[in-house]
Amino acid sequence: MQRHRCRRGRAVDQQWTQQAHRMRAVLSGGEAQARPPTCSSALWGEEASHTRSPSHSTPQLFQHHPSNAANAARDTDPIAIRKAVQKSVQKEIVSITTLTVALEPQQPGTAEPQGQPCHLPDESAPLLNGETSSGSLGHAPNGNGNGHIHIRHGTGALMFFFDSKRTPGLEHENIILRSLIYIWHVTKITLLSNYVNFLLIMVPIGIAAGKLGWSPTVVFTLNFFAIIPLAAVLSFATEEISIKLGETLGGLLNATFGNAVELIVSIVALKDNQIEVVQASMLGSILSNLLLVMGMCFLLGGLLHRGESGNGTEQTFSSATAQTTCSMMTLASASLIIPAALYAVLDQSGSEDKMKSVLTLSRGTAIILLLLYVLYLVFQLRTHSNLFDAENQDGEEHEPEEPMMGPVAAGAVLVVTTILVAICADYLVGSIDPLVETAGISKAFIGLILIPIVGNAAEHVTAVVVAARDKMDLAMGVAIGSSIQIALLVTPFLVIVGWIIGRDMSLHFETFQTVAFAVSVLVVTYTVQDGKSNYLEGAMLLGLYSIIALAFYATPSGAMGSGF
């Protein structure tokens, strides 16, 4: 009888052992015999065979649970063996559940590093989110602990809202849901592209203020701050498209849309016959880049960078590039001086056709300047591109930049942003006349100081930041390159647009504006010709900009006309 009971106990033990083997095979994906030697394999032992020995030794399934193995070895009662197997298998399932989520799975065939102990989680050990695992399987009906589902959901939520590279759900089977998620993905990338984009909240408020006819000061202020982030978004979308187009076409696109905000605002002002504002804004954009931005770059760069002994050192940049761009700026200043000189001569002689003569000269000069700008682009992007390659002048190899969104999405962002800029610019320009009457400031000051800030704020900060990092060639490219675009592209283009729509937009600026521009170009040319900069030169440029701004602020409204 006792012998029959022993045989029955061994049969039951073998039955539960086989059941444990099958459960282990299910948990390991049905590959119990070809299992990689990962950390979880320590739960089952290192041997592939788990059959009982003739001496009824404890299977290796329980070797890492000494108490359970000892009890199973000592107890020959089949009921006790069954309880031990059930308890051990339950613990193994909980441990495997924890490891499946907490540990990143290894690829098949990769060996575990030798000499490193495998740390198995205790069933009461805290999980990743601070909770504790439970021995009851009721808390994990799907094989994952609730705490780990919370971690994955939390991580997915952060990725969904704040990760500009990935958005969960882009491969969803539902095409409508996938399209909505992709729209959010593009919107998220755009919103996180620049630190000034938090001001985008001003866009709907500014449009509503203009639509509802609020105070001119409020309308001007709201739309002023609304255009600043729109300019940053416009620049970001342009760069995204230019990456896909290649070096030449991308550079051409950047050159064309680099000052799109100033162009849009000026076209709206020109349509409203605000020629004084247009001319002042063009001059202000050039002066802010040449004097304000470059002065800040020289000042901060010179103060932050010192030699090993603590003495100040001069920052260097490509003198050939600086001299080439300054030569173009000298040409631009000449294009303003010549119409002013012609007008002065005709005015002294009492000629009645002086306005017509200046308009003819301005329109012809505008065409010549546009052709020279095209030739300058060929020089910069094709024939002598090595002189302007600021990214590789530090001797380091840079990986090719990858776009964050597709060209279609970037194009859609570009179109939508352009429309919003045009709407905000319309309300901005429409509030200038009432603002001048109520605030007592001149249109020249608004155009020279305020409007250039709208389109160049993010670009100005970028130039100063890269100069503080001792990348002066890149900072010079931003500052002087933008000035050349305004002088040789935007201003002549506005003359042609005025010719088309019947506005007397000319290159004959007011005498004081022309003198201020010529003096600024002269000072900058002498400053950068040696290819070195220091904080004193930066302070000089900032001082000159402050003097010019103070002069325009002190000018009474209406004292400066459009040149005629």
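The values are calculated or read from the model by the stated rules, or taken from the named source; none is laboratory data. The shown structure was predicted, so the numbers you read here are calculated from the model rather than taken from an experiment. Cβ sites come from the backbone with ideal geometry, for glycine too, and all protein chains shown count toward neighbours.
Results for (1) over 32 Å from the mean Cα position of the chain (by Cα); (2) among the polar types (S, T, N, Q); (3) part of a helix (DSSP H, G or I); (4) modelled with pLDDT of 90 or more, shown as yes or no for each residue.
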position: Leu287; (1), (2), (3), (4): no, no, yes, yes
position: Phe298; (1), (2), (3), (4): no, no, yes, yes
position: Gly302; (1), (2), (3), (4): no, no, yes, no
position: Leu359; (1), (2), (3), (4): yes, no, yes, yes
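The set of residues from the stretch 176-191 being surrounded by fewer than 13 Cβ atoms within 10 Å (Cβ to Cβ), under 13 Å from Ala409 (Cβ atoms) and aliphatic (A, V, I, L, M) comprises just one member, Ile183. Among the residues here, Ile151 does not qualify as modelled with pLDDT of 85 or more and aliphatic (A, V, I, L, M).
Mind checking whether some residue in the stretch 524-542 is basic (Lys, Arg) and over 28 Å from Gly364 (Cα atoms)? So far as the stretch 524-542 goes, yes, one or more of its residues are basic (Lys, Arg) and over 28 Å from Gly364 (Cα atoms). Going through the stretch 505-515 one residue at a time, which ones are touching a residue at least 12 places away in the same chain (Cβ under 8 Å) and either surrounded by fewer than 23 Cβ atoms within 10 Å (Cβ to Cβ) or part of a loop (DSSP other than H, G, I, E, B) (or both)? Within the stretch 505-515, Met505, Ser506, Leu507, His508, Phe509, Glu510, Thr511, Phe512, Thr514 meet the criteria.
Condition check ((1) free of Cβ contacts under 8 Å to residues at least 24 places away in the same chain; (2) closer than 30 Å to Ile423 by Cβ; (3) not assigned by TED's automatic domain parsing to the domain that holds Arg469) across all residues:
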site: Gly284; (1), (2), (3): no, yes, no
site: Thr325; (1), (2), (3): no, no, no
site: Gln348; (1), (2), (3): yes, no, no
site: Leu372; (1), (2), (3): no, no, no
site: Leu377; (1), (2), (3): no, no, no
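The criterion of at least 1 residues that are free of Cβ contacts under 8 Å to residues at least 24 places away in the same chain and surrounded by fewer than 15 Cβ atoms within 10 Å (Cβ to Cβ) is met by the following helices (runs of 4 or more DSSP H) wholly inside the stretch 393-487: 407-430, 432-439, 451-468.
Would it be correct to say that Thr491 is in a helix (DSSP H, G or I), surrounded by fewer than 21 Cβ atoms within 10 Å (Cβ to Cβ) and touching a residue at least 12 places away in the same chain (Cβ under 8 Å)? So Thr491 fails the test. Regarding Phe160, is this residue aromatic (Phe, Trp, Tyr) and modelled with pLDDT of 80 or more? Taking the combined requirement at face value, the residue does not satisfy it. In the condition set (1) within 15 Å of Pro492 (Cα to Cα); (2) of a type in the set (A, V, I, L, M, F, W, C); (3) surrounded by 15 or more Cβ atoms within 10 Å (Cβ to Cβ), Leu371 is compliant with all but (3).
Each residue in the stretch 192-204 was checked for being assigned to a helix (DSSP H, G or I) and surrounded by 15 or more Cβ atoms within 10 Å (Cβ to Cβ), and 6 of them qualify. The residues listed here are Gly502, Gly531; of these, the one that is free of Cβ contacts under 8 Å to residues at least 60 places away in the same chain and out of contact with any Cys (no Cβ under 6 Å at 6 or more places or on another chain) is Gly502. Within the stretch 516-531, the residues that satisfy the criterion of being farther than 20 Å from Leu336 by Cα and surrounded by 16 or more Cβ atoms within 10 Å (Cβ to Cβ) are Thr527, Val528, Gly531.
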